[in-house]
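Read through the structure below, which is laid out as structure tokens, and then see the notes.
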Amino acid sequence: MEEDYGKGIAKPFLALLFVFFIASAIGYLYASSNPHMGESFVEQLFEGFKFIDFSNPLEVFGVIFLNNTIKSLISLLTGFFFGIFPFFFIFINGYLIGMVVFVKGTEMGFQTIVLALFPHGILEIPAVILASAYGMRLGTLFYRKVFKGEQIDVGDALKFFLRKFLKIIVPILFAAAFVETFVTPTIVFYLGKLSMI
């Protein structure tokens, strides 16, 4: 029966991936149409991370890893509410990334910002979306139990997805945080030096 819980996970994953890219485009277009508002919004967003000691890579790594892991876990758990929260979680994150790409791309150059986001983003974004897809699948199972009277052990399904979260999502987010902390700054540094040549 456990295998049935994970069946059909591709559909919510692809749906949320689509939502992410649409939201990113909306955020980008909004920031490009309202550059002053976009700059102000992104500045406020980055101010929320001022408490981090960026001279301490281990602290940066820990904050990034815990932040992404906790938010992804919350997205999974709140999927019980018919998948509403995972949907909005992915939409908001996509929207914010779109705004950041425009604002920081204008400042640093779009090639630099894309290359700076790509190494960890290719790990982090699918992992966060997959965790949210687990949440949406959980919401679907909960709906089928409550409204269709199907014999589904929702508690057992939750345990199944939490195990998947620990085995798949957490290691990927760990790797993404490592790349963002120790690899991305090096890429940005060398790109900055190359641009001066």
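Taking region 94-108, which residues are touching a helix residue (DSSP H, G or I) at 6+ places or on another chain (Cβ under 7 Å) and touching a residue at least 12 places away in the same chain (Cβ under 8 Å)? Correct list: G94, Y95, L96, I97, G98, M99, V100, V101, F102, V103, K104. Counting only helices (runs of 4 or more DSSP H) wholly contained in region 1-73, the ones carrying 2 or more residues that are closer than 22 Å to F182 by Cα occupy 35-47.
For every residue, the table says whether it meets (1) free of Cβ contacts under 8 Å to residues at least 40 places away in the same chain; (2) out of contact with any Asp or Glu (no Cβ under 6 Å at 6 or more places or on another chain); (3) farther than 21 Å from Y134 by Cβ.
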{"site": "P12", "(1), (2), (3)": "no, yes, no"}
{"site": "F41", "(1), (2), (3)": "no, yes, yes"}
{"site": "S55", "(1), (2), (3)": "yes, yes, yes"}
{"site": "S72", "(1), (2), (3)": "no, yes, no"}
{"site": "I92", "(1), (2), (3)": "no, yes, no"}
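Residues that are crowded, with 16+ Cβ neighbours inside 10 Å and at positive phi within region 83-121 comprise just one, G83.
Laboratory data are not the source of any read-out in this text; all were calculated from the coordinates shown. Only a predicted model underlies this, so the values are computations on that prediction, with no experimental measurement involved. Positions of Cβ are backbone-derived with ideal geometry, glycine not excepted, and every protein chain shown enters the neighbour counts.
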